[in-house]
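A.B. asks: One structure, pasted below without further comment.
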Amino acid sequence: MSTDRKSRLQAFVDWAQAHISGDEKGEAQIFLDRLLQAFSQKGVLETGKAEFRIRKAKEDGGGTDFADFVWKPLVLIEMKKRGTDLRRHYRQAFDYWTRLVPGRAYSRIDIRGGLPVG
């Protein structure tokens, strides 16, 4: 990883630790905008293809689920409140990805407290 990317990612982690409390709904959009900037994107809106809070019908037909962020066909991000046991939500993210972006491979990276762990 280049030194420039490392410094951008460290700056993002430092910013998130200082400014993000873990409120999924209230902080998601600014968090994602800054995350994309750390990966050399101008921001979420500038991608032209990214969408927040994507509605999808529940598998059982009983209402609507929301994927937090999808930039087809590159990434789906499902956010949870800080401290949530993410193991309970892997299937949810996988189902969102396969339904919103069919035919694309799926990889998982966990970020807890701003640091990739998986």
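A.B. asks: Just to be sure I understand the filter: pairs with C-beta atoms under 6 Å, separated by 6 or more residues or on different chains, first member in segment 68-84 and surrounded by fewer than 18 Cβ atoms within 10 Å (Cβ to Cβ), second member modelled with pLDDT under 85 and of a type in the set (Gly, Ala, Ser). Which pairs pass?
C.D. replies: That search, which allows pairs on different chains as well, returns LYS81/GLY22; ARG82/GLY22.
A.B. asks: Related question: What number goes with the only condition from (1) in a helix (DSSP H, G or I); (2) under 13 Å from the mean Cα position of the chain (by Cα) that GLU51 does not pass?
C.D. replies: (1)
A.B. asks: Would you check which residues across segment 11-25 are surrounded by fewer than 13 Cβ atoms within 10 Å (Cβ to Cβ) and over 15 Å from PHE69 (Cβ atoms) and list them?
C.D. replies: Correct list: ASP14, GLN17, ALA18, HIS19, SER21, ASP23.
A.B. asks: Name the residue, out of GLY62, GLY83, GLY43, that is at pLDDT below 85, at positive phi and not β-branched (Val, Ile, Thr).
C.D. replies: Criteria check complete, one pass: GLY83.
A.B. asks: Continuing with this model, one more query. So, in segment 26-46, exactly how many residues are buried (at least 17 other Cβ atoms within 10 Å of the Cβ) and aromatic (Phe, Trp, Tyr)?
C.D. replies: Adding up the residues that qualify gives 1.
A.B. asks: Now, a different point. Any chance you could count how many residues in segment 1-22 are of a type outside the set (Gly, Ala, Ser) and either over 23 Å from THR84 (Cβ atoms) or part of a loop (DSSP other than H, G, I, E, B) (or both)?
C.D. replies: 8
A.B. asks: On to the next question. Quickly run through segment 76-110 and pick out the residues that are in contact with a strand residue (DSSP E or B) (Cβ under 8 Å, 6 or more places away or on another chain) and over 23 Å from GLU27 (Cβ atoms).
C.D. replies: ARG99, VAL101
A.B. asks: Here's another thing I want to ask about it. Enumerate the pairs (first residue in segment 7-30 and at pLDDT 85 or above and among the β-branched types (Val, Ile, Thr); second residue anywhere and surrounded by 14 or more Cβ atoms within 10 Å (Cβ to Cβ) and not in a helix (DSSP H, G or I)) with beta-carbon separation below 6 Å, excluding pairs fewer than 6 apart on the same chain, so at least 6 apart or on different chains.
C.D. replies: Qualifying pairs under 6 Å: VAL13/GLY114.
The values are calculated or read from the model by the stated rules, or taken from the named source; none is laboratory data. Predicted model only: the values in this text are computed from it and were never measured. Positions of Cβ are backbone-derived with ideal geometry, glycine not excepted, and every protein chain shown enters the neighbour counts.
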